[in-house]
Amino acid sequence: MSAIWRRWSPSARMLVGTSLTGAVVYGLDARSEAQVVQRNLRTFYNGIALAVDYKLNFQPSMDVDSASRIEALHERVANRMFDVFERNGGLYIKMGQVIGTQSAILPPAYQRRARRLFDAAPAEPFEVVERVFREDFDGLRPSDVFAEFELLPVASASIAQVHKARLQTGEVVAVKIQKPAILKQMNWDLRAYRILLQLYEKIFDLPLAWSADYIEKHLRMEADFEREARNGAEAWKHFQEEPSLKDRVYVPKIYPEFSSKRVLVCEWVDGIRLTDTEKLKSKKLDLRKAMNTTIEAFSSQIFRSGFVHDDVQVVIIDHGLYIRESEKFRLEYCSLWEALFMLDMDTVAKLCKGWGIEDSNMFASITLQKPFNPNRAVHLGQANVNMRDVYEMQMSLKERIRDFLKDQQLFPRELIFISRNMNIVRANNKSVGSPVNRINVMARWALYGHEKNRGDDMAGSTWRLCKFESTLFLMSLSFWLIRVRDKANELLFGTASQGFEAQFGIKIDESIFDG
């Protein structure tokens, strides 16, 4: 054997040696808990493959087969991407769920595939849960600390799973236990995320990598349950100081004496998912009030406290991911929303310039989550969505994104997670039929956010609020008068305006701008 080995060329020996080493490493990795080698190979292979697929095959044209080719491309890429999310688990589940909250503005293939991911986080067996608990509590088992502890989890998410338990003093609690591989996987996952962003930036000529540092910092915070406990306490303090919300929003009590960096114990609260309309109706609960409270809670954090939860609910749980706005940004963001509603484009342009944003109209569309036209009121919901604006925005999207940020250093990083939260709130509102005009609620809280900084000038505050409401009323009145005039012309003279679909031969789902 040694004689045969010596007869091989150096390059052949290197190839065989590398292959054997790779096989050994792969085999050891397959037996490990984190499986970082397999996960990263899977990520890079599929990440590069889908980028090449889009680069070569995304060629829209007027050809009759173009639409079916593009739809097949979206289907192929969506399946490849979400298969990776499901097989890798951990942070990848969270990434996929973030994409899922954007499903209303993604192609239908992504919408269909994203729905399967929300229940795709597998649970760890009790033996693993017990091991994490003993490592964090000096060898104590759950049975040593709790009077009762359910072996099967009631929920499993990307980073942790939750077990129901009872304290020795009788209180029923939720015990959130971090999955043990998460911290090992996180370093590799975030490194892969950063590399792929840089790669896509070069391939597609789009500004993508600038946000990586901020996102990575806050995702790491989410794995620290002691920080989550502090976040929950601070959120509760804010809602108790907000008179209109203190009796409508609840934050479960946290038990820090039974918590650690990887274990969090808090009060058990029986609740109903905000999107479970059948259960809400069976309990005779008002869906519109519940949704309105959710949107108000989220708005109060953005525009008043500056301490923003990344996934707001009426009973607010899961406090791992918060961002803290600077006071300067909070006030400027209040001004932005007020200016958008008053169609004060000079103020909008000035704020955008200060944030390094070149295209203020596109930023307004991103903020409101519907096409923005400076000549139309923004508060009328879907009734004011113009399909021509939708089409034109989509056709010029890549060029506008490429030139969107003039100075990436000036862009407020807070907007990254605020935009994600707004997507979640919009998606929840839309999923139950959009019972609340989300944009109107948020605009009013933006005005209240300014009042917080203006002190006790009650007369001035009242005047500004009256001016704001009067302007919205007059804009609404003029809009609906025009609609009535057009309808009358249609009924009396048969002069209905030609629809966008008839003019351009395309169909756009207007429901994507609900919520």
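The values are calculated or read from the model by the stated rules, or taken from the named source; none is laboratory data. Since the structure is predicted, the reported quantities are computational estimates derived from the model, not experimental observations. Note: ideal-geometry Cβ built from the backbone for every residue, glycine included; neighbour counts use all protein chains shown. Note: accessible area is taken over every heavy atom of the protein model, side chains too, but ligands, DNA and RNA are not part of it. Shrake-Rupley method; radii C 1.70, N 1.55, O 1.52, S 1.80 Å.
In the full protein context, the range 163-277 carries 49 Å² of accessible surface per residue, based on a 1.4 Å probe and ignoring ligands, DNA and RNA. 3J(HN,Hα) along the range 295-308, derived from phi through the Karplus expression 6.51 cos²θ - 1.76 cosθ + 1.60 where θ = phi - 60°, amounts to 5, 5, 4, 4, 5, 5, 5, 5, 9, 10, 8, x, 10, 10 Hz, with x in place of Gly and Pro. Working from label points 7 Å from Cα in the Cα-to-Cβ sense, the Lys284 to Asp344 distance is 4.6 nm. In this Cβ point-charge picture (+1 for Lys and Arg, -1 for Asp and Glu), the range 125-229 has a dipole of about 240 debye about its Cα centre. Between amide H atoms placed 1.01 Å from N, distances below 5 Å from Glu148 occur with Arg166, all of them 5 or more places distant or on a separate chain. With R₀ set to 51 Å, the beta-carbon distance separating Val128 from Phe473 gives a calculated FRET efficiency near 0.30. Charge dipole (Cα centre; +1 on Lys/Arg Cβ, -1 on Asp/Glu Cβ; no other charges) of the range 54-207 amounts to roughly 360 debye.
Remark: for residue pairs Lys184/Lys279; Lys283/Lys467; Lys430/Lys487; Lys237/Lys289, the C-alpha separation exceeds 30 Å in Lys184/Lys279; Lys283/Lys467. Solvent-accessible area of the range 50-97 (1.4 angstrom probe, protein heavy atoms only): carbon and sulfur portion equals 57 percent. Surface composition of the range 184-256: carbon plus sulfur atoms hold 56% of the accessible area, using a 1.4 angstrom probe and ignoring ligands, DNA and RNA.
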